[in-house]
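Below is one structure; the comments refer to it alone.
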Amino acid sequence: MNLNGLAVEVKAVQPGARRFEVKPAEIYPAALADLQSALEAHRAVDRALSTYKAQAVQLPPEAWGLAFVPRDELTSQAAIVARAQALELARLWFTEYLHQSIDGGLLEIRILKDEDWRL
Amino acid sequence: MALGWIWRAQSLPTNFYVALWTSATAPTADTNVMSDGTEITAGNGYTTGGFQLTPGATDYDVWTEDDGNDRALVQMKDIVWTASGGNIPSAGNGARYAVHTDDNATIANREVYHYFDLVSDRTVSDTQTLTLQNCEIRINES
């Protein structure tokens, strides 16, 4: 996954950590697209990411589109759950890529507030 | 637990553990200690009490502040058991739950802080591994 521009590095809280601030409106679409692309292209990924790929296969098909719909616009509990599942997977997918980009070091991520992407 | 560490300056455990339980008793919010559940049989690479974690950056290596959902998330490093000399568990039912505990010298009295559902009973064959990847602790602000 191309992380270019998605994570802005800021001063870390913990000594030795690297801290990044991310915007939901940027990371979620990018992560969802990359995860779907990885599935469709049968892209080989490492063990850590393959776990998330396996979970993504289990998502209800509508979850991918629902992920882009603000929660307040959904009324069906099933839709809300499916949407949340997709977004959580996208977050984990993105987090794993970011973690690997710093060679597995101590990572702090701050996901900024954006009501459209609230679970 | 955390109340004492934060507001009463009580000492943190030196270590934490992740232990494996069978499906005999599902952990819930009312679960308090290890004796509330049934740990898998030790042997072949699984030690009673489980996998040891040390507080700090190495073993709890990813922190997320999720402002949009008013929560914090802490990921543990990958927890790996390798079966050697036979299956894990060495006898009885497979591992269905992982529980995160303190390091009380009496394992039965270890406090259970968090639990993770492995979805089905897991048995690992000799030389194979059971990996718990990126277990996350979620702390909600509201």
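Regarding A:Ser101, is this residue small (Gly, Ala, Ser) and exposed (fewer than 13 other Cβ atoms within 10 Å of the Cβ)?
Answer is no for this residue.
Filter segment A:106-119 for residues that are more than 7 Å from chain B (Cβ to nearest Cβ) and touching a strand residue (DSSP E or B) at 6+ places or on another chain (Cβ under 6 Å) and give the result.
None; the set is empty.
Confirm whether A:Tyr52 is in contact with an Asp or Glu (Cβ under 8 Å, 6 or more places away or on another chain) and among the aromatic types (Phe, Trp, Tyr).
On the way: in contact with an Asp or Glu (Cβ under 8 Å, 6 or more places away or on another chain): yes; among the aromatic types (Phe, Trp, Tyr): yes.
In short, yes.
Out of the strands (runs of 3 or more DSSP E) lying entirely within segment B:89-142, which hold 2 or more residues that are open to solvent by 80 Å² or more (accessible area, probe 1.4 Å) and of a type outside the set (Asp, Glu)? Before you say what the answer is, go through the steps one by one.
Details: elements: B:95-101, B:112-122, B:129-132, B:136-140.
Ranges flagged: B:112-122, B:136-140.
Considering only segment B:57-80, I want to know if a residue exists there that is more than 15 Å from the chain's Cα centre (by Cα), in a loop (DSSP other than H, G, I, E, B), closer than 30 Å to A:Val22 by Cα and not charged (D, E, K, R).
Filtering segment B:57-80 down to residues more than 15 Å from the chain's Cα centre (by Cα) leaves B:57-58, B:61-73.
From what's left, in a loop (DSSP other than H, G, I, E, B): B:57-58, B:61, B:70.
From the residues that got through so far, the ones that are closer than 30 Å to A:Val22 by Cα too are B:57-58, B:61, B:70.
Right, trim to not charged (D, E, K, R) and you get B:57-58.
Yes, segment B:57-80 contains at least one residue that is more than 15 Å from the chain's Cα centre (by Cα), in a loop (DSSP other than H, G, I, E, B), closer than 30 Å to A:Val22 by Cα and not charged (D, E, K, R).
Can you find a residue in segment B:79-101 that is touching a residue at least 60 places away in the same chain (Cβ under 8 Å), more than 18 Å from B:Val33 (Cβ to Cβ) and touching a Cys at 6+ places or on another chain (Cβ under 6 Å)?
Among the residues of segment B:79-101, not one is touching a residue at least 60 places away in the same chain (Cβ under 8 Å), more than 18 Å from B:Val33 (Cβ to Cβ) and touching a Cys at 6+ places or on another chain (Cβ under 6 Å), which makes the answer no.
Do we have A:Arg83 as surrounded by fewer than 17 Cβ atoms within 10 Å (Cβ to Cβ) and either in contact with a helix residue (DSSP H, G or I) (Cβ under 9 Å, 6 or more places away or on another chain) or without any contact (Cβ under 8 Å) to a residue 24 or more places away in the chain (or both) here?
Details: surrounded by fewer than 17 Cβ atoms within 10 Å (Cβ to Cβ): no; either in contact with a helix residue (DSSP H, G or I) (Cβ under 9 Å, 6 or more places away or on another chain) or without any contact (Cβ under 8 Å) to a residue 24 or more places away in the chain (or both): yes.
Spelling it out, it is not the case that A:Arg83 is surrounded by fewer than 17 Cβ atoms within 10 Å (Cβ to Cβ) and either in contact with a helix residue (DSSP H, G or I) (Cβ under 9 Å, 6 or more places away or on another chain) or without any contact (Cβ under 8 Å) to a residue 24 or more places away in the chain (or both).
Quick one: is A:Ala12 within 30 Å of B:Asp59 (Cβ to Cβ), modelled with pLDDT of 95 or more and in a loop (DSSP other than H, G, I, E, B)? First the steps, then the outcome.
Working: within 30 Å of B:Asp59 (Cβ to Cβ): yes; modelled with pLDDT of 95 or more: yes; in a loop (DSSP other than H, G, I, E, B): yes.
So A:Ala12 passes the test.
If we keep just the residues of segment B:4-39 that are part of a helix (DSSP H, G or I) and more than 15 Å from B:Asn109 (Cβ to Cβ), which is most open to solvent (accessible area, probe 1.4 Å)? Can you show your working first?
Applying the first criterion (part of a helix (DSSP H, G or I)) to segment B:4-39 yields B:4-7, B:34-36.
Then drop every residue that is not more than 15 Å from B:Asn109 (Cβ to Cβ), which leaves B:4-7.
Values: B:Gly4: 7, B:Trp5: 63, B:Ile6: 111, B:Trp7: 186 Å².
Of everything passing the filter in segment B:4-39, B:Trp7 is most open to solvent (accessible area, probe 1.4 Å).
Could you grab the pairs with beta carbons closer than 6 Å, sequence gap of 6+ or different chains, first residue in segment A:89-100 and within 7 Å of chain B (Cβ to nearest Cβ) and assigned to a helix (DSSP H, G or I), second one open to solvent by 20 Å² or more (accessible area, probe 1.4 Å) and modelled with pLDDT under 95?
If the second residue must be open to solvent by 20 Å² or more (accessible area, probe 1.4 Å) and modelled with pLDDT under 95, no pairs are left.
How many residues does segment A:47-63 contain that are assigned to a helix (DSSP H, G or I) and crowded, with 16+ Cβ neighbours inside 10 Å? Before the answer, list the steps.
Applying the first criterion (assigned to a helix (DSSP H, G or I)) to segment A:47-63 yields A:47-57, A:63.
Still in the list and also crowded, with 16+ Cβ neighbours inside 10 Å: A:48-49, A:51-53, A:56, A:63.
Residues in segment A:47-63 being assigned to a helix (DSSP H, G or I) and crowded, with 16+ Cβ neighbours inside 10 Å: 7 in total.
The values are calculated or read from the model by the stated rules, or taken from the named source; none is laboratory data. From a predicted model like this one, the values you see are computed outputs, not experimental measurements. All Cβ positions, glycine included, derive from the backbone under ideal geometry; neighbour counts span all protein chains shown. Surface accessibility is based on the protein's heavy atoms, side chains included, excluding ligands, DNA and RNA. Shrake-Rupley method; radii C 1.70, N 1.55, O 1.52, S 1.80 Å.
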